Amino acid sequence: MKITIETPLPGQEDEIIIRMAELDDDVLKTIRHLKEGVNKDSMAVYANESIRMIQIKEILYFDAADDHVFAYTKDNCYETKKKLFEIEELLSESSFLRISKNAIVNIKAIDHLSPEFNGRFIASLKNGENIIISRSYVPALKKKLGIGK
């Protein structure tokens, strides 16, 4: 695949041209991310009755419970109106990774990992919290960390 990047002339609009014989799922996903403006570095969350914008890099992990999804930072817990699968898709090209049916973690927030029985891991986060990584998600974690196949 050939990639060409050109700087537009003054007054010209930025544009992206995709020329392919066949669009695959990865390219369609990239297009959707570009259209949705995924490269933003903040997210709208809810605290009590107010809406706040927080930096995505401040989020340690997301957790789903009772049809609600919560974003945890070092000092606070916020609710988000997005579903966990939407967050997973939105942050798929970042340092966030699905680690269980109900959690997504920022791997940059992990202090250390400890193996558990049954192939699970415990991730100790930099804020002192521990979260469980389900065994079916361990290979993806190892790959993301560059230590797996």
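Quick notes on this one:
- Sum of side-chain charges, Tyr78 neighbourhood, beta-carbon under 14 Å (Lys, Arg +1; Asp, Glu -1): -1
- Most mobile of Phe70, Phe62, Phe117 in a GNM of the chain (Cα contacts under 10 Å): Phe117
- With the charge dipole of the chain set up from +1 on Lys and Arg Cβ and -1 on Asp and Glu Cβ about the Cα centre, the Cα lying farthest toward the positive end among the listed residues Leu113, Phe62, Pro8 is that of Leu113.
- Comparing Lys57, Lys29, Lys101 in a Gaussian network model of the chain, where Cα atoms under 10 Å apart are tied by springs, the biggest mean-square fluctuation is seen for Lys29.
- 13 Å Cα cut-off, lysine pairs counted over the range 1-126 (separation 8 or more, or different chains): 7
- Overall, the range 45-149 carries a charge dipole of about 560 debye about its Cα centre when +1 sits on the Cβ of Lys and Arg and -1 on the Cβ of Asp and Glu, all other atoms neutral.
- Cβ-defined net charge surrounding Ile110, 13 Å radius [Lys, Arg +1; Asp, Glu -1]: +2
- Helix-only CD estimate at 222 nm, as mean residue ellipticity for the chain, using -39500 (n - 2.57) per DSSP H run (n ≥ 4): -5000 deg cm²/dmol
- Derived scalar couplings between HN and Hα for the range 127-134 equal 8, x, 6, 10, 10, 8, 9, 5 Hz in order, rounded to whole Hz, by the Karplus curve 6.51 cos²θ - 1.76 cosθ + 1.60 (θ = phi - 60°), x for Gly and Pro.
- To the nearest ten degrees, helix 25-36 and the longest principal axis of the Cα atoms of the chain are 90 degrees apart.
- Distance in nm between pseudo-label sites at Lys142 and Gln55 (7 Å out along the Cβ direction from Cα): 3.4 nm
- All other residues whose Cβ lies under 12 angstrom from that of Asn127 are scored, Lys and Arg at +1 and Asp and Glu at -1, for a net of -2.
Bear in mind that the values in this text are calculations on the coordinates, not laboratory data. Predicted, not measured: the structure shown is a model, and the values here were computed from it. No Cβ is skipped: glycine too gets one built from the backbone with ideal geometry, and neighbour counts run over all protein chains shown.
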